[in-house]
1. Give the number of residues within region 206-234 that are assigned to a helix (DSSP H, G or I) and exposed (fewer than 14 other Cβ atoms within 10 Å of the Cβ).
2. Looking at (1) touching an Asp or Glu at 6+ places or on another chain (Cβ under 9 Å); (2) at pLDDT below 65, which is the one condition that is false for Ala356?
3. If only one of Pro273, Pro224 is touching a Leu at 6+ places or on another chain (Cβ under 9 Å) and at pLDDT 70 or above, which one is it?
4. For region 386-420, give me the residue count where each residue is exposed (fewer than 15 other Cβ atoms within 10 Å of the Cβ) and modelled with pLDDT of 50 or more.
5. Looking only at region 74-132, count every residue that is among the hydroxyl-bearing types (Ser, Thr, Tyr), within 19 Å of Leu55 (Cβ to Cβ) and either crowded, with 23+ Cβ neighbours inside 10 Å or at pLDDT 85 or above (or both) and tell me the total.
6. I'd like to check something: does region 101-123 contain any residue that is of a type in the set (Lys, Arg) and closer than 22 Å to Lys160 by Cα?
7. Kindly check whether there is at least one residue in region 365-385 that is on the phi < 0 side of the Ramachandran plot, loosely packed, with under 14 Cβ neighbours inside 10 Å, at pLDDT 85 or above and not in a strand (DSSP E or B).
Amino acid sequence: MRTVRALRGHAAGRPRAALDVALAVGFTVVALLLAGERPPEGWYWDRPDALGYTLICVINLLVAARRSAPVAVFTGATALWLWYIAAGFWPVVNSAALMLALYTVAAMRRTACAAACGAVFAGVWVAGALLSGSNAPATAVAQALVVPFIMWKFGENARKLGDRNRALSELTGQLRREREENARRAVAEERVRIARELHDVVAHHMSVISVQAGLAHYVFTADPGTAHGALGTISAASGEALEELRRLLAVLRVGPEGVGETTGQEGPYQPTPGLDRLEDMTERVRAAGVDVELRIVGERRLLAPGPDLCAYRVIQEALTNVIKHARPARATVRIAFLPHELSVRVTDEGRGNVPAIPGPSGGHGLIGMRERARIYGGTLAAGPRDEGGFEVRLTIPLQPAVRGRRTAGDDGQVRRDSGA
């Protein structure tokens, strides 16, 4: 990055150097032409000789180096100008070059340095008027006071503008770096979210597959029908797991316009799972040996994708834990659509008297559920019940009720809403 900035600065400096050289040549030509003309009435001077023309060329050509060494250029040009005046030549010939040198000092150096150079310029101006025999010394003094002040003021304004531009450039660079950092942080957070989704999908479906595989192996010869049903459940669970995995992994391959980077296919994402797929989930859990009762209370309505997915994943994780640790206990899933919040309660009796199929234990299920609830402003509590078993309670705040697609009666059975 430093090399790139250096190259940019070098490229930006080359036009400025060319401009300064052009100015120096132009000032020299104008000064030489002015030296050959007659001065105004009242000025007494000699026509420049070889020394005079040499001093004119050197004084004006020094302007080409004004940006690299502004104080040195001003000092050298002023000394040569004073020599030119002392030799008896007309001082106005080189005044434009000295004005530009003073302006450059004011634009690139602090006020104290510019003020000192302005005072020197004024003194040389007055000395030139006196040595040349000007019949209007008051005018020369007034010019000596006004001209340096104007050059200093323009130069100081240019310096302040340059400082503001540099500060703005630095601020722009800082904002760009912060924007890039925020983009990287957003990508990292999205990857963490996808990792949690993958964990939930794999943990739930693999638990069902593991239990059903063990059951099929156990009754393969004794009860072929049960084994066949278990294998069907394994096929359905694995197919759904693959579908969700494809949907989640597709997020990593989708470009900014929604086109698959690796496949080149278009189309919207598959819908994320929600509470409308609870029946399918409970069927899989029942097939895994856990009797699940689903109760829906209140007017069922459409939810935002985030809370809908959160509730689905919490129920999925809770039932997965029942399969792992409490099978074949009976589980109850109670969902209450309240006016301003969604309440989810998953309980089990915890009377597991059949050892579960051996498998990996431990994990971060409860931590993940709490994090999901916290994202949407909800709360999650989980722990053993006094009467035995385990309970998971989720509460998520919702917007005011909107008429949904399905409702539930007092008996807890789901009924289709006619929309009337």
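The values are calculated or read from the model by the stated rules, or taken from the named source; none is laboratory data. Because the structure is predicted, anything quoted here is derived from the model rather than measured. As a convention, Cβ positions derive from the backbone with ideal geometry for all residues, glycine included, and neighbour counts pool all protein chains shown.
1. 5
2. (1)
3. Of Pro273, Pro224, the one residue that is touching a Leu at 6+ places or on another chain (Cβ under 9 Å) and at pLDDT 70 or above is Pro273.
4. 6
5. Number of matching residues: 3.
6. Looking through region 101-123, at least one residue is of a type in the set (Lys, Arg) and closer than 22 Å to Lys160 by Cα.
7. yes
Results for (1) in contact with a Lys or Arg (Cβ under 7 Å, 6 or more places away or on another chain); (2) among the β-branched types (Val, Ile, Thr), shown as yes or no for each residue.
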{"site": "Ala72", "(1), (2)": "no, no"}
{"site": "Ala101", "(1), (2)": "yes, no"}
{"site": "Val105", "(1), (2)": "no, yes"}
{"site": "Ala112", "(1), (2)": "no, no"}
{"site": "Cys117", "(1), (2)": "no, no"}
{"site": "Trp125", "(1), (2)": "no, no"}
{"site": "Leu130", "(1), (2)": "no, no"}
